[in-house]
1. Residues 99, 18: which one is on the phi < 0 side of the Ramachandran plot and modelled with pLDDT of 95 or more?
2. Is it fair to say residue 94 is assigned to a helix (DSSP H, G or I), more than 19 Å from the chain's Cα centre (by Cα), at negative phi and surrounded by 11 or more Cβ atoms within 10 Å (Cβ to Cβ)?
């Protein structure tokens, strides 16, 4: 089991590094005058942006979509939307007592694998 945990530890370190690079500085740290991806006011994190973006897409609200897109970089928004999709599929799979693959394929209208 040693190599498995070593790989897992390496993977987690990479994810943390990637997250820090797309999420920006931790709250309370200065980033400069306005900071990248800010549209005035307080800074939004990638998960707020992703939640707002996905909800706005579901409601077909272009103004909110545009607003959420301005909060973070396109890469950060993509990461947040992907994470939200994973969490949503896992939650639905648990609720339906089905595998995540079955739920994901069902949501996309694909035949069972």
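The values are calculated or read from the model by the stated rules, or taken from the named source; none is laboratory data. All values reported here derive from a predicted model rather than from experimental measurement. Here the Cβ is made from the backbone with ideal geometry for all residues, glycine too, and neighbour counts use every protein chain on show.
1. Values: 18 fails: modelled with pLDDT of 95 or more.
Checking each option against the conditions leaves just 99.
2. Numbers: assigned to a helix (DSSP H, G or I): yes; more than 19 Å from the chain's Cα centre (by Cα): yes; at negative phi: yes; surrounded by 11 or more Cβ atoms within 10 Å (Cβ to Cβ): yes.
Here the answer is yes, as residue 94 does meet what is asked.
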